[in-house]
1. Mind checking which aspartates and glutamates have their Cα closer than 12 Å to the Cα of Lys132? Skip sequence neighbours fewer than 8 apart in that chain.
2. What residue among Ile84, Ile179, Ile111 has the largest mean-square fluctuation in a Gaussian network model of the chain, using Cα springs under 10 Å?
3. Projecting each Cα onto the charge dipole of the stretch 64-197 (Lys/Arg +1, Asp/Glu -1 at the beta carbon, about the Cα centre), which of Gln158, Ile127, His77 comes out farthest on the positive side?
4. Could you list which residues have their amide H under 5 Å from that of Arg122, counting only those 5 or more apart in sequence or on another chain, with H placed in the peptide plane?
5. Report the semi-axes of the equivalent ellipsoid for the stretch 156-211 in whole Å, largest first, where each axis is √(5λ) for an eigenvalue λ of the Cα gyration tensor.
6. Tilt of helix 147-163 relative to the longest C-alpha principal axis of the chain, in degrees (0 to 90, nearest 10)?
7. Can you give me the long-range amide H partners of Val66? Hydrogens built in the peptide plane at 1.01 Å from N, cutoff under 5 Å, separation of 5 or more residues or another chain.
8. If the elastic network links every pair of Cα atoms under 10 Å, which of Arg200, Arg145, Arg122 fluctuates the most in the Gaussian network model of the chain?
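The values are calculated or read from the model by the stated rules, or taken from the named source; none is laboratory data. These numbers were taken from a predicted model, which means no experiment stands behind them. Don't worry about glycine lacking a Cβ; one is built from the backbone with ideal geometry, like all the others, and counts go over all protein chains shown. Protein only, heavy atoms only, side chains kept; ligands, DNA and RNA dropped before computing areas. Shrake-Rupley method; radii C 1.70, N 1.55, O 1.52, S 1.80 Å.
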Amino acid sequence: MALQLGDEAPDFTAETTEGPISFHGWLGNSWAVLFSHPKDFTPVCTTELGRVSALKPEFDKRGVKVIGLSVDPLGSHTEWANDIKETQGHALNFPLIADSDKKVASLYGMIHPNASDTFTVRSVFVIGPDKKLKLTLTYPASTGRNFDEVLRVIDSLQLTAKHKVATPSDWKQGQDVIIVPSVSDQDAKGLFPNGWKTVRPYLRVVPQPKG
Ligand code: BEZ
């Protein structure tokens, strides 16, 4: 069965551009993003890896480790990294898993045989400090992902984990948020001492908590 939200991220060992890893050991207690791309030396993938490298400080700021994967060998990743640096203006600054035996891709369901039985699709997994899956995304090979959206979801997930608030449609940093339904009005008084706006009993709006 496909991996689902709330499942533990499967553990594995792998070779990466930054040396061998044991995934759970590499995760430690951090948030993480694991994402696959179809193939080295392809145009959309080149732009994606450049973009993630550019955004690395944003992931770092949120305490999120980033790791990529394709079913190409290590030597190919290393050679391609030069192209990423030269064409995208940002050197690869996070590990890329060399999954040429498709071990990790199979474990995470990153190969969708009716799309391609040789390449991984564009999968994204956001993993929490408890090693559970918090978000999964699947994009086709022909569409580069919006990594600002991945950061936006991480901001939302981290707000929920810390402050028991959810985020409305199209929410952006600094905008109002919603008290999660599992928090009673009684408990909300302690959590949000400055009060909230009750639009409906189930829709309680508060300013975004700081920190
Ligand atoms: C790309 O990264 O450009 C790509 C890879 C596989 C199929 C189509 C596009």
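1. Of all the aspartates and glutamates, those that pass the test against Lys132 - Cα under 12 Å, at least 8 places apart if same chain - are Asp7, Glu8, Asp11.
2. Maximum among the listed residues: Ile179.
3. Projecting each Cα onto the dipole axis, the largest value belongs to Gln158.
4. Answer set, sorted by chain and number: Tyr139, Ala141.
5. Output for the stretch 156-211: semi-axes of 16, 12, 10 Å.
6. Once rounded, the angle reads 40 degrees.
7. Val33
8. Maximum among the listed residues: Arg200.
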